[in-house]
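A.B. asks: Attaching a single structure in structure tokens format; questions to follow.
The values are calculated or read from the model by the stated rules, or taken from the named source; none is laboratory data. This one's a predicted model, so the numbers in the text were calculated from it and none came from an experiment. Neighbour counts are summed over all protein chains in view; Cβ atoms, including those assigned to glycine, are modelled from backbone coordinates with ideal geometry.
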Amino acid sequence: MRRADRLFQLLVELGRNRVRTARQLGERLGVSERTIYRDIADLAAQGTPIEGAAGVGYSLRAGFQVPPLMFDRDELEALALGAAWVSGYADDALAQAADRVLAKVDAVLPQRLRPQLKADGLAVLSFTHDARSRAHLATARAAAREQRKLQARYCDQDGSQTERLLWPLGLFYWGKVWTLAAWCELRGDYRSFRIDRFEELRTHHESIPRSQQINLRGFLDRVERCADERPRDAAAGAQLRP
């Protein structure tokens, strides 16, 4: 990494509104603590408002603006590939947001870097994410954000349908399908639901009750316990049956 790039990355790390030690910064940037001390001294000498001391940690003074971002080739391709994945596998609102992100980045890139934002030769091919799944994903995502219950009609792998009232806790993508982590009022327990198996999914008028016992951490702990109880070859994909 060029020194100019390293100094910029150091500014980015210092601008994250928390105190970072020289060791933490060195591990992050892949250099020694001595190099970090020298770089911080140089930045301070150039007038950068760095606060802190050796052995305590460093941060940027509140209100200081980090210079506009610049990207290297791999970073631009990562942005383009990430946006393509969102467009292929997330809901329509997130796909549109990804396009807006790329447009904003493109607007500030030098002309010589703009071709890299297209990531030619890299592609995300979507075969399994249909319009209904996209709509249900958007509904679940909004309900989780707004802390609202979900009214659902769910079809299990045997074709049986049940009506559920769910507390959405989180969404997970498994490389093929999205699943919703939720508390199910019908079962009185944590359950996992495939987004593509919802026949109907709509936001309920009731908000999710505040609870210290029912939350995403509780769901993940439940999954881990189920995995520990299963044979080793099944543990990696363990989920909670609806």
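A.B. asks: Considering only residues of region 128-187 that are touching a strand residue (DSSP E or B) at 6+ places or on another chain (Cβ under 6 Å) and among the hydroxyl-bearing types (S, T, Y), which is farthest from S87 (Cα to Cα)?
C.D. replies: My answer is T162.
A.B. asks: I'm trying to understand the selection: among the residues of region 195-225, which are at pLDDT below 95 and among the basic types (K, R)?
C.D. replies: Across region 195-225, the qualifying residues are R210, R217, R222, R225.
A.B. asks: Oh, and also: Given the options R18, R38, R112, R100, name the one that is loosely packed, with under 14 Cβ neighbours inside 10 Å and closer than 30 Å to L137 by Cβ. Steps first, answer last, please.
C.D. replies: On the way: R18 fails: closer than 30 Å to L137 by Cβ; R38 fails: closer than 30 Å to L137 by Cβ; R112 fails: closer than 30 Å to L137 by Cβ.
None of the other options fit; the residue is R100.
A.B. asks: Looking only at region 154-177, decide whether some residue is among the charged types (D, E, K, R), at pLDDT 95 or above and part of a helix (DSSP H, G or I). Walk me through it before giving the result.
C.D. replies: As a first pass, look at region 154-177 and keep what is among the charged types (D, E, K, R): 156, 158, 163-164, 176.
Next cut, at pLDDT 95 or above only: 163-164.
Filter once more, so that each one left must be part of a helix (DSSP H, G or I): none.
No.
A.B. asks: Sticking with this one: Check region 58-79 and report whether any residue there is among the aromatic types (F, W, Y) and either exposed (fewer than 14 other Cβ atoms within 10 Å of the Cβ) or part of a helix (DSSP H, G or I) (or both).
C.D. replies: Here is the first cut: in region 58-79, the ones among the aromatic types (F, W, Y) are 58, 64, 71.
Within this subset, residues satisfying the condition of being either exposed (fewer than 14 other Cβ atoms within 10 Å of the Cβ) or part of a helix (DSSP H, G or I) (or both) are none.
Scanning region 58-79, I find no residue that is among the aromatic types (F, W, Y) and either exposed (fewer than 14 other Cβ atoms within 10 Å of the Cβ) or part of a helix (DSSP H, G or I) (or both), so the answer is no.
A.B. asks: Only one of these is out of contact with any Phe, Trp or Tyr (no Cβ under 7 Å at 6 or more places or on another chain), under 30 Å from L137 (Cα atoms), among the hydrophobic types (A, V, I, L, M, F, W, C) and outside the structural domain of A143 (by TED's automatic domain parsing): A44, A93. Name it. Don't jump to the end; show me each part of the working.
C.D. replies: Values: A44 fails: under 30 Å from L137 (Cα atoms).
After applying the criteria, what remains is A93.
A.B. asks: Output the residue which, of all residues in region 18-45 that are more than 22 Å from E75 (Cβ to Cβ), touching a residue at least 24 places away in the same chain (Cβ under 8 Å) and in a loop (DSSP other than H, G, I, E, B), is farthest from the chain's Cα centre (by Cα).
C.D. replies: The qualifying residue farthest from the chain's Cα centre (by Cα) is T21.
A.B. asks: Limited to region 182-201, what total is found for residues that are farther than 14 Å from T139 by Cα, small (G, A, S) and in a strand (DSSP E or B)?
C.D. replies: Of the residues in region 182-201, 1 are farther than 14 Å from T139 by Cα, small (G, A, S) and in a strand (DSSP E or B).
A.B. asks: Can you pull out every residue in region 136-156 that is touching a helix residue (DSSP H, G or I) at 6+ places or on another chain (Cβ under 8 Å) and surrounded by fewer than 15 Cβ atoms within 10 Å (Cβ to Cβ)?
C.D. replies: D156
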